[in-house]
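Novice: One structure, pasted below without further comment.
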Amino acid sequence: MFAEERREQILIYLKKHKRAEVKELIEEFQVTGATLRADLRAMEEEGSIVRTHGGALLKEDVLQKEDFLSLRRGHEEEKKAIARIARAYVQEGDAVILDSGSTTLELALLLKDAKNIKVITNDLQIALELQENPWIELYIVGGKVRNNFRLTQGAIGTDFIKSIAVNKVFLSPNALSIFGGATTSNEEMKEIKQAMMEAAGEVYMLCDSSKIGQRAFCKFARLSEFKLMLTDSGISKLDKKAIEEQGLEVKICK
C-alpha cells in the first residue's frame, strides 16, 4: 500500500473511531512505528488530524464537513424520551440555559407553550423555535457562528453568560467518559459550557447512551459537577453503576 492510500485509510479509521493510539494503528495497518509516526506527522501538517501523546484524533474541522442535519437525526426516539423527562424540571418562573445540541432542541420543542420563563441559548435553531412565544423571555447568546452547526461560540458569548445567573442549565456533551468526564469538540465550546455551568444553580446533563464510553477533544466537567444525568434505556447496568459511583445520579428515560 502506498503512503497516500494508507493515510486515507487511517483517516477513514479515525472517522469511525474518532481517536486511536499509535500502537493500535501500527497493528491495524501492519507498519513500523517510524512509518506510522511519519504518516501522522504528514496528516497533521495537511490539517486532517491532531496528534496527541501516544496517538491521534480526527481534527474537528473534518467533522464539521459532515452534514449538520444527519448529525442531529441519530437516536431521535431516545432524545425525545430524555427531553420529555427534562421538561418536568422546567417550572414557571425559571430562568434556564439551553446548551446547543439535538437533545436540548427536543426539550425546546416541548417548551414552545411554556409561560413566564426566561431561556438563554447559543443554539440558533432553538432560538428560532422559541421566538414566537410571547410568554418566553428569550436571549440569544452572541459570538462567532460555528459553520454548519447553527450555534454560537467564542469569548463574546462566554463573557455574556458569565454576567448572568439562572436557576438551571441543560447541557449536552459530545461524549461522556466514565472516568474522563464530559467532553466537547473544541476549546471555545469547552469555555462556553463551563460558563453555563457556573451561571446555574442546578446543572442537568442530557446524554443519550450512544455517547457513553466516548471521548471528544476537550474535557469541560467532572461527572460529580452535575446534579442529574438523564439518559435512555440503552445504558448498561455496569455503566450506570460506574457513573453513580462517580457521584452523579442517573435517571433512565423511557
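Novice: Lys251: which aspartates and glutamates have alpha carbons under 20 Å from its alpha carbon, excluding same-chain residues fewer than 8 sequence positions away?
Specialist: Straight-distance partners of Lys251: Glu76, Glu77, Glu78, Asp99, Glu106, Glu202, Asp208, Glu225, Asp232, Asp239.
Novice: For the pair Asn116/Ala34, report the inter-label distance in nm, with labels modelled 7 Å from Cα in the Cβ direction.
Specialist: According to this spin-label approximation, the distance is 7.4 nm.
Novice: Can you tell me the accessible area per residue over the chain, all protein chains present, probe 1.4 angstrom, in square angstrom?
Specialist: Accessible area per residue, the chain: 51 Å².
Novice: Between Ile178 and Lys144, what is the label-to-label distance in nm when each label sits 7 Å out along the Cα-to-Cβ direction?
Specialist: Result: 3.6 nm between the two label points.
Novice: Can you give me the % of accessible surface on the stretch 73-119 that is carbon or sulfur? Probe 1.4 Å, all protein chains present, nothing else counted. Before the final figure, lay out each step's value.
Specialist: Details: 930 of 2090 Å².
Result for the stretch 73-119: 44 percent of the exposed heavy-atom area is carbon or sulfur.
Novice: Let me ask something additional. At a Förster radius of 35 Å, what calculated FRET efficiency corresponds to the Cβ-Cβ distance of Glu8 and Glu77, to the nearest 0.05?
Specialist: In this case the efficiency is close to 0.50.
Novice: Pairs to check: Lys112/Lys162; Lys80/Lys211; Lys79/Lys168; Lys15/Lys237. Give those whose C-alpha atoms are more than 21 Å from each other in this structure.
Specialist: Long pairs (Cα-Cα over 21 Å): Lys112/Lys162; Lys15/Lys237.
Novice: In nm, give the distance between the simple-model label positions of Arg84 and Asn133, each being 7 Å from the Cα along the Cα-to-Cβ direction.
Specialist: Taking the two extended label points, one gets 1.8 nm.
Novice: Would you please give the FRET efficiency between Ile164 and Gln214, computed as 1/(1 + (r/R0)^6) with r the Cβ-Cβ distance and R0 = 25 Å, to the nearest 0.05?
Specialist: Step by step, r from the Cβ atoms, then E = 0.25.
Novice: Below 8 Å, C-alpha to C-alpha, sequence gap of six or more: please give me the relative contact order for the stretch 84-207 in percent.
Specialist: 25 percent
Novice: Count neighbours as other Cβ atoms within 10 Å of each site's Cβ, and list the chymotrypsin sites (Phe, Trp or Tyr not before Pro) in the stretch 168-254 that are DSSP loop with at most 11 such neighbours.
Specialist: On the way: sites: Phe170, Phe179, Tyr204, Phe217, Phe220, Phe226; in loops: Phe179, Phe217, Phe226.
Filter output for the stretch 168-254: Phe179.
Novice: While we're here: Taking 0.36 nm per intervening residue step and subtracting the Cα-Cα distance, what contour gain separates Ile252 from Glu44 on full extension? Intermediate values should be presented prior to the final figure.
Specialist: Values: separation 208, 0.36 × 208 = 74.88 nm, distance 4.02 nm.
70.9 nm is the gain from fully extending Ile252 to Glu44.
The values are calculated or read from the model by the stated rules, or taken from the named source; none is laboratory data. Please read these numbers as outputs of a predicted model, since none were measured by experiment. A quick note on method: Cβ atoms are made from the backbone with ideal geometry, for glycine too, and the neighbour counts reach across all protein chains shown. All accessible areas refer to the heavy atoms of the entire protein, side chains included, with ligands and DNA or RNA removed. Shrake-Rupley method; radii C 1.70, N 1.55, O 1.52, S 1.80 Å.
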